[in-house]
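Here's the structure, in structure tokens; my notes come after.
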Amino acid sequence: MNNDLLHSDTPIHRVKWSGLNSDSNEILIKRDDLIHPFISGNKWRKLKYNVEKVKTHGLKGITTFGGAFSNHLLATACACSIFGIKSIAYVRGEELSTNSNFILRLCTEYGMELNFISRADYKDFSDDESFGRKDFLTVPEGGQNEEGIRGCEEILNSSVKKYRVKHVFCSVGTATTFCGIIRSMPESIHVHGIAGLRNASYLQEAVQSNTKGKSNWTLHTEFAGKGFGKYDQSQLKAMKSFTSETGILLDPIYTGKTLIAISEMYKKGQLDKQSTVLMIHTGGLTGILSETWLKMGND
Ligand SMILES: Cc1ncc(COP(=O)(O)O)c(C=O)c1O
């Protein structure tokens, strides 16, 4: 299930950043942000086996769910157009329209049908496993299903051992990506999930049941700051310094918080200063194009 427009075989880059607080100031980054501008990072990993299912079952396309700024919606719209299938989305917020923001606008550009619904309907529809259009595969919000986890198992493989990696870090929303990484990593490598949402310890149970038999992981809920989609000047400052020193952009909602978690953990002695850390760049760069990011400035 591949296509020349998607570059799934992404490199691992070794970069130096002064904010790391490690002995070498070096970190390895798995560049899944390079897969595609909009189907980047974990998005394609989570969609791959869903798209394959649509194709092998002769279905018409994908029905899915998301909020006004959902990277998952945009990735789904874009992936479906690449693979010649239809996409339908139920978007949270009946006050929205296709021109409310550039993500929704881009979704329609890629041919997605957008249905704007109330928050109550959104909850009912997205909680109902039988919801969906005839001949369409329903993919839950954020691409959170077994196919999604399976795709994320392909982000890394045991070849990371050659880099002597001890710790792998990934950003957590639904924890689909985190589960895939845990499944694919040997017990000798510890996988850290950094939750972007506050009070995310409820995810613990789902991670446990989806990664049976594995104990090489920690879900960190202490780095969410003021909560999902919220960030402060110190975070933006750290991200700016990382980007200007490495040439790699991060998003403020997920990967920016994960980078800061790594830096803080070195600082607090929770990571051995000599140990090699690999961070997965899960993409999501559309997050920097939000009004909030613009208004916060970067001085
Ligand atoms: C850039 C980025 N990183 C990480 C995540 C979290 O992924 P997951 O929902 O699989 O935990 C998301 C959301 O999908 C995201 O957009």
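The values are calculated or read from the model by the stated rules, or taken from the named source; none is laboratory data. What you see is a predicted model; the values in this text were computed from it and never measured. Methodologically, a virtual Cβ is constructed for each residue, glycine included, from the backbone with ideal geometry; neighbour enumeration extends over all protein chains shown. Side chains included, ligands, DNA and RNA excluded: accessible areas come from the protein's heavy atoms. Shrake-Rupley method; radii C 1.70, N 1.55, O 1.52, S 1.80 Å.
Below are the figures for this structure:
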quantity: Fraction of accessible area attributable to carbon and sulfur, the chain (%, probe 1.4 Å); calculated: 49 percent
quantity: Whole-number percent relative contact order across the chain, with pairs defined as alpha carbons under 8 Å at least 6 apart; calculated: 21 percent
quantity: Angle in degrees between helix 255-267 and the longest Cα principal axis of the chain, rounded to the nearest 10; calculated: 20 degrees
quantity: Folded to 0 to 90 degrees: helix 233-246 orientation relative to the chain principal axis, Cα; calculated: 80 degrees
quantity: Nearest-ten-degree value, helix 71-82 long axis tilted from longest Cα axis of the chain; calculated: 60 degrees
quantity: Label-point separation, ASP135 to GLN204 (7 Å along Cα→Cβ), nm; calculated: 4.7 nm
quantity: Extension gain, LYS240 back to VAL15 (0.36 nm per residue minus Cα-Cα distance, nm); calculated: 79.5 nm
quantity: In order through the stretch 116-124: 3J(HN,Hα) via Karplus (6.51 cos²θ - 1.76 cosθ + 1.60), integer Hz, x for Gly, Pro; calculated: 8, 10, 5, 4, 5, 4, 4, 5, 4
quantity: All-pairs alpha carbon distance profile, the stretch 2-151, 5 Å steps from 0, percent; calculated: 2, 10, 18, 20, 18, 12, 8, 6, 5, 2, 1, 0
quantity: Choice from LYS60, LYS86, LYS212 with maximal GNM fluctuation in the chain (Cα, 10 Å cutoff); calculated: LYS212
quantity: Average accessible area per residue (Å²) across the chain - probe 1.4 Å, nucleic acids and ligands excluded; calculated: 45 Å²
quantity: GNM flexibility winner over the chain from LYS230, LYS162, LYS134 (Cα, springs under 10 Å); calculated: LYS162
quantity: Gain on full stretching of the segment that runs from GLU187 to GLN274 - 0.36 nm per residue minus C-alpha separation; calculated: 29.4 nm
quantity: Helix-only [θ]222 nm of the chain, DSSP H runs n ≥ 4, -39500 (n - 2.57) each, per residue, nearest 500; calculated: -10000 deg cm²/dmol
quantity: Value of Rg/Rh across the chain [Cα atoms, Kirkwood radius]; calculated: 0.95
quantity: Residue among VAL277, VAL160, VAL172 with the largest mean-square fluctuation in a Gaussian network model of the chain, springs linking Cα atoms under 10 Å; calculated: VAL160
quantity: Net charge of Cβ neighbours under 11 Å - reference ILE117; Lys, Arg +1; Asp, Glu -1; calculated: -1
